[in-house]
Structure formats: C-alpha cells, structure tokens
Amino acid sequence: MRLNSPYTRQRSFRGTVHGRLAGAQVPPLGTLLARLGGADPQILPKVPAAKGKFIQLGLVLLATAALAVVAMAFALMDGLQVNWWFAVPLGIGWGLIILNIDRLLIQNIRPGLSGWHLLGVVAPRLLVAALLGLVIATPLVLRVFDSEIAAEMRLRNAQAAIELGETRGNSPEAKRLVEVKAKIAENEGILAGQLPGLTSPNIELATDRLTKAEADLEKRRTVANEAYLKMRCELDGYKCNGASGNRGAGPRYQALKQAYDVAAADLRGAEESVAAARKALDAANEEAARTTSTKLAEAQTRANAELPALIAERDRLQQLFNTTVRGDGQVQEKNVGLLARLEALDSLGDRSSMAELAHWAVALLFFMIELLPVLVKLLNSIGQPSLYDRISELEENSAYDNAVQWRNNDRRRIEGDSKKRREIEEDMRKRETALGIRANEHVASEMEKILDVALRQWSANVTNTLSSTGSGQPAPGAAPGQPGQPGQPGQANARTNAIRNRFGLPTGGMP
C-alpha cells in the first residue's frame, strides 16, 4: 500500500482534526469579533495590526444585527399584536439571518478592484443592503413616532367609522327604518287628532287666497320701506336713494312723504287682507273637521291596530342597525396593523411638512446604519492593498499552487496506474494468443493422425472388398443365386456403385 494513498491522507487529516479539537481553547473576544468581521484566523496572527480594523467591522455587523432584532420585535408586537416573549426570540432569529447576510455581502470586496469590476462587485451588495435597510428601518421609524401615529390612527378610524355609518344609512334596512319611523309618527299624529290629507274645496280656495294675500303684503311692504327711506334721506339731507341732499321739509320732501303715505295705506290694506284670508282658512278648517269626524275615528282605530307591529319592527331594525354600526366601529378600532400605521404616518406627513421632514430624517438614519457594513468595507478597499491583503493573496496563491501540485501528482499516479493496467492487459492478450496458437497446432496434429488411421483403415477395407469381388464372391446387395459375371459391363458398374455406397464415396467419380 502506498503511503500517500487517499485512505492514508484521510486518516491523517482525521487524526489532525481530532488532535486540534482535543486541545482547542475558546479564542478571546477580540479574535472572535475579528473573525466575525471577515478576518482569516490563519493569517491574523501574522498581521496583528490588522486585528483592530476587523474588530471594528465586526462591531458594525453586530450593531446592524441588533437593530434588526429590535425592528423585528417591534414589527411583531405592533403589527401582529404578539407578546414580547414570542416576538423577542423571533427577532433574535431574524437578527442572526441579517448578520449572516451582511457578513456575506462584505466578502470578496478587496483592494485593487476598479472600474466595471468594482461596480459589478459593489452594486449588487449595495442594492441588497439598501433593501434590507428599508425593511429594518420601517418598524423602527414607526416606533419612534408611536404616539403621533396612534393619535392619527384614532382620528382616521373615527372618520372611517362615520363614513361607513353614512354608507350604512343608505342600506335597505336603514331606509326601511326611516319609513317605519315616519309611519309611526303619522299614526301618533292621527291619535292626537291630526288627520293627514284633511282638505276640502273651501280649504283649498282659502289657502290660495291667503298665499296671494301674503305675496301682495310682502310686495307692498317692500314698496313702503323704499318710500320711507327716500323720504328720510331727503329730510335728513343725505344723498341716498336719489335724495337731493338738501336738508329739511322742502317740496321734494313733501312729495316723497305723500308717496310714503300712499304706500303705508296700501300696506295696511294688504295686512287686513292677510288677516281676513287667515280667518277664512280657519273657518274652512273648522267646517272640514266637523264634516270629517267619522274619518278621523276610523283612522285612529286603524292607527291603534298598526302601531304595535310598527313599533316592534322599528325596535328590531334599530337594534340591527346599532349592532352593525357598533361592529363597524369595533373593526375600525382594531385597524392598528403595520399598513394602518404606515398610512397614518404618511397622513401626518401630508398635513405637516415638519412631521414629514422628521420622518425622512429618522428613516435615513436607520437606513444608513444598515448600509454601514458594505460602506465601511468599500471604503477600506479603496487605495493600495494592505499588508493583510497582500499576505492573504499570497496564502491563497500558495494554497492554489499546492492544490495544482497535488492534482498533478494525483493525475500522474492515475496515469501510471492506467498505463500499468494497459501493459498487463496487453501482455495477457499476447499470452492468450500464443496459447491459442499452440492449442490449434496440437489439435491439427492429432487430427492428422486420426485422419491417417482412418484413411489406412478405409483403404484396407476397399482393398479387401475389391479382392473378394474379383475372386467370384457375390457383391453385397446382389440377388442370391445370381453369381457375378465379370464379362458384363452392367454388372461391373452395379458392383462398383454398391462399394461406393458402402464406404460413403460419391457416385460417378470412379469407373
């Protein structure tokens, strides 16, 4: 077994790891923060001066993660109305996720990048960090302006409840409630002696005369007032209403006073006409009431019969309407989620420019805090590479060279093993070929021997057969009692064919 085999290297690596774990100690807090900030624990002891920079970056990462914990806890408590003992663990989990994402974002931002390469590395990270900052900053902003937002939500919910109540007032149930209330009021008026629709030709005529008399009275009152003002302006010497401006009871005043007296007399006549018309209307109503007492009694009987059912329906509809409005109010009171809080904050900004300015200032503050890890790493990468960066690059190059060398050695080992297998297989094929040739030669030799024996045996059998045929012995297959006669060709051919058939020879080849 090779000492540099994969199995040996694996056992050596496991032994090294177990040995390190057995004697491992918890590193100090500064080293942990530096490693959190992206420092390599193998390179950091070689560059102690770089430890402070990575500690600061680790503290920035912890600050953003702490803000994420607080933001998630506030979002769960304010938006979902959950208890703090449930919101805090979830917030811690969210903070760990943000910590891991922020730490991932600052990786591979190194000095020496410029131009489009730097933009391609930094832009996606800034975009993700900005999105996370917006998500994390929103719950914190809502908590900062909690009291103002709560007051605005109460106002908005009250307005929404009023608008919803008005909408409910146009529902079929609400319209039916108005109709029932009107019918109840009408029946109660009938029971009080007020019969609706009580009229007669005399009432209509008296009403028409009263309307005309009142219109004429208003007209004459206007004329009398204008005449009085002209007279007073002329008497007092004011230039108003066409007066001459000459004070005293002159001829113009006397003419205006005469016109006023006529207008006043017409006004008194109009007032008397209105009084007479009203008196006539009252007389017509009294006459109609005397003639419609029977109708009033029937209407009151009908009203007494209808009122209980109408009152019961009114109470039912009123209770339904009150229950619906109360439920709407409760729904509006529970409208205190994240969306409602965001709308309330936006409404505050619309009403007050100072509130909007404070909102954006606080939001940008938390937003920039969330961008700090990427910004700090980006600022540190500007300029020449530091000693830590140069050593890190050398370590990476060395690791790459070692990996390449190990890969080349492993490849040469694999190629050697492959070559060995090919040579063994080639030698095996050659040996198999030689063995096959020898086996074929041996088989051919044995077959030749067997063929020689068979041919000799066959030749002896043929010779014996021919000898017995020539001495007068009957040929096999010949009819008994018919000895062969050599002098006859037909009989000779028959004997020859019989011999060929006996030994499996082809016919017609030999005479």
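Here, each number is a calculation from the coordinates, and none is a lab measurement. These numbers come from a predicted model, not from an experiment. Quick reminder, even Gly has a Cβ in these numbers, built from the backbone with ideal geometry, and neighbours come from all protein chains shown.
On the beta carbon distance between ALA63 and ALA158, with R0 = 41 Å, the FRET formula returns roughly 0.50.
Residue separation times 0.36 nm, minus the C-alpha to C-alpha distance between THR323 and LEU127: what's the value? Don't skip to the end; give the middle numbers.
Details: separation 196, 0.36 × 196 = 70.56 nm, distance 5.06 nm.
Length difference between fully extended and current span is 65.5 nm.
Can you figure out the FRET efficiency of SER468 with GLU441, using R₀ = 30 Å and their beta-carbon distance, to the nearest 0.05?
On the way: r = 41 Å, r/R0 = 1.37.
Computed FRET efficiency for SER468 and GLU441 comes out at 0.15.
Would you tally the net charge around LYS183, using a Cβ to Cβ cut-off of less than 15 Å, leaving LYS183 out, and scoring K and R as +1, D and E as -1? In short, 0. Our estimate of slack between SER418 and GLU448, defined as 0.36 nm per intervening residue step minus the Cα-Cα distance, is 6.3 nm.
So if I take the alpha carbon set of region 401-458, get Rg, then get Rh from the Kirkwood formula, what is the Rg over Rh ratio? Write out the running numbers ahead of the final one.
Working: Rg = 25.0 Å, Rh = 15.5 Å.
In region 401-458, Rg relative to Rh is 1.61.
Kindly flag which residue pairs out of LYS46/LYS377; LYS175/LYS279; LYS219/LYS257 have an alpha-carbon separation exceeding 30 Å in this structure.
Working: LYS46/LYS377 21 Å; LYS175/LYS279 40 Å; LYS219/LYS257 19 Å.
Exceeds cut-off: LYS175/LYS279.
Here the spin labels are modelled as points 7 Å beyond Cα on the Cα-Cβ line, and at ILE92 and LEU364 they lie 3.6 nm apart. Ranked by the mean number of other Cβ atoms within 10 Å per residue, highest first, peptides 70-79, 128-137, 397-406 order as 70-79, 128-137, 397-406.
What FRET efficiency would be calculated for the residue pair VAL82, LEU104, taking the C-beta separation as r and a Förster radius of 30 Å, to the nearest 0.05? Write out the running numbers ahead of the final one.
On the way: r = 29 Å, r/R0 = 0.97.
Step by step, r from the Cβ atoms, then E = 0.55.
Taking a sphere under 12 Å around the Cβ of ALA215 and counting the other residues whose Cβ falls inside, with K and R at +1 and D and E at -1, yields a net charge of +1. In a fully extended conformation the segment linking ARG268 and SER352 would gain 24.0 nm over its present Cα-Cα distance, using 0.36 nm per residue.
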